[in-house]
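Worksheet: the structure to be examined is printed underneath.
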């Protein structure tokens, strides 16, 4: 008998609609259970937001055409002292990849600073679109975190946690590979963020690795967002939340593939709630500086095949 092909698991698809998701309701509680299970088992899930329209989707990706069509010398103005926060491109190891970032992307000041840098004469349409997108997605991010904090019995820490949150919005482009060129858009990695939320155009490429070693392809849609836990979330949860390996492989010859990512970072020290450690689940991580975790990962000689959080702040 021939061997049967392995049936791969599918990522959970969870509907998020603010008018239907009120804290404390039966729907909120049942949704919270699904969110926590997905983050513990796969480190990610697909959030669908019916109020995010196709028009909003099309407008934000049309703006990315305008952004990436700028000359490289102008895009290179997007610099930052924080690793991976500024312009990345023209790198020999990942030639298909190019990206820019807006720090403090949920604030008018942060978005205006980025816009003025690239368009000194102003670009209100881009500024307003990027700000509206960041605010919309940050609401989803905060809702997800609130569900996790409540399910873990540490809701009392939620408000201070959100107050220390900052958001990085990254615009990412993957061009189609040319003849005899690698189809790898980005290398296998875990994110160093607390939470990452990705929204993509209709070009496939993102793959997430399960704990069993299988790769699951994520098929984007105009109303879908991939919510993914980063290494900081894994450490904060004392290892309960899974931070998944993922990659981008450009299998299609379409071009370009665009993606927007909202990455949550935290100023100050992230404490591991004492409630998440007990004799059965002893403390696995020490309190840590989030940007310290990011900078540690970027050092030369840091092993890439081990959990960054474990290496940086593991007990």
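Just to be sure I understand the filter: pairs with C-beta atoms under 6 Å, separated by 6 or more residues or on different chains, first member in the stretch 147-162 and touching a residue at least 40 places away in the same chain (Cβ under 8 Å), second member in a helix (DSSP H, G or I) and surrounded by 16 or more Cβ atoms within 10 Å (Cβ to Cβ). Which pairs pass?
147/32; 147/35; 148/36; 151/32; 151/36
Might you check whether a residue that is surrounded by 14 or more Cβ atoms within 10 Å (Cβ to Cβ), without any contact (Cβ under 8 Å) to a residue 24 or more places away in the chain and outside any strand (DSSP E or B) occurs anywhere in the stretch 287-302?
yes
So, in the stretch 72-89, exactly how many residues are in a helix (DSSP H, G or I) and buried (at least 18 other Cβ atoms within 10 Å of the Cβ)?
Here is the first cut: in the stretch 72-89, the residues in a helix (DSSP H, G or I) are 72-75.
Those left that are additionally buried (at least 18 other Cβ atoms within 10 Å of the Cβ): 75.
Matching residues across the stretch 72-89 total 1.
For residues in the stretch 7-46 being part of a loop (DSSP other than H, G, I, E, B), under 19 Å from residue 217 (Cα atoms) and in contact with a helix residue (DSSP H, G or I) (Cβ under 9 Å, 6 or more places away or on another chain), which is modelled with the lowest pLDDT?
9
Anything in the stretch 205-216 that is crowded, with 17+ Cβ neighbours inside 10 Å and in a strand (DSSP E or B)? List them, or say none. Let's see the steps before the verdict.
Here is the first cut: in the stretch 205-216, the residues crowded, with 17+ Cβ neighbours inside 10 Å are 205-210, 216.
Scanning the stretch 205-216 gives 206, 207, 208, 209, 216.
Check off (1) in contact (Cβ under 8 Å) with a residue 24 or more places away in the chain; (2) touching a strand residue (DSSP E or B) at 6+ places or on another chain (Cβ under 9 Å) for residue 214 and give me the number that stays unchecked.
Tallying (1) in contact (Cβ under 8 Å) with a residue 24 or more places away in the chain; (2) touching a strand residue (DSSP E or B) at 6+ places or on another chain (Cβ under 9 Å), residue 214 fails exactly one: (2).
Of the residues in the stretch 269-281, how many are surrounded by fewer than 16 Cβ atoms within 10 Å (Cβ to Cβ) and under 17 Å from residue 307 (Cβ atoms)? Full working, then the answer.
Of the stretch 269-281, the ones surrounded by fewer than 16 Cβ atoms within 10 Å (Cβ to Cβ) are 269, 271, 274-275, 278-281.
Among the residues that remain, those that are also under 17 Å from residue 307 (Cβ atoms) are: 281.
Qualifying residue count for the region: 1.
Within the stretch 217-250, which residues are buried (at least 20 other Cβ atoms within 10 Å of the Cβ), assigned to a loop (DSSP other than H, G, I, E, B) and out of contact with any strand residue (DSSP E or B) (no Cβ under 7 Å at 6 or more places or on another chain)?
Of everything in the stretch 217-250, those that are buried (at least 20 other Cβ atoms within 10 Å of the Cβ), assigned to a loop (DSSP other than H, G, I, E, B) and out of contact with any strand residue (DSSP E or B) (no Cβ under 7 Å at 6 or more places or on another chain) turn out to be 237, 239.
Given the criteria surrounded by fewer than 17 Cβ atoms within 10 Å (Cβ to Cβ), closer than 26 Å to residue 12 by Cα and in contact with a helix residue (DSSP H, G or I) (Cβ under 8 Å, 6 or more places away or on another chain), does residue 153 qualify? It would help to see each step written out before you state the result.
Numbers: surrounded by fewer than 17 Cβ atoms within 10 Å (Cβ to Cβ): yes; closer than 26 Å to residue 12 by Cα: yes; in contact with a helix residue (DSSP H, G or I) (Cβ under 8 Å, 6 or more places away or on another chain): yes.
Criteria met by residue 153.
I need a count of the residues in the stretch 47-71 that are in a loop (DSSP other than H, G, I, E, B) and within 13 Å of residue 136 (Cα to Cα). I'd like the intermediate steps shown before the answer.
Pass one, the stretch 47-71, residues in a loop (DSSP other than H, G, I, E, B): 49-53, 69-71.
When the remaining residues are screened for being within 13 Å of residue 136 (Cα to Cα), the result is 49-53.
Number of matching residues: 5.
The values are calculated or read from the model by the stated rules, or taken from the named source; none is laboratory data. Keep in mind that this is a model prediction, so the values were computed, not measured. Every residue, glycine as well, gets a Cβ built from its backbone with ideal geometry; the counts of neighbours run over all protein chains shown.
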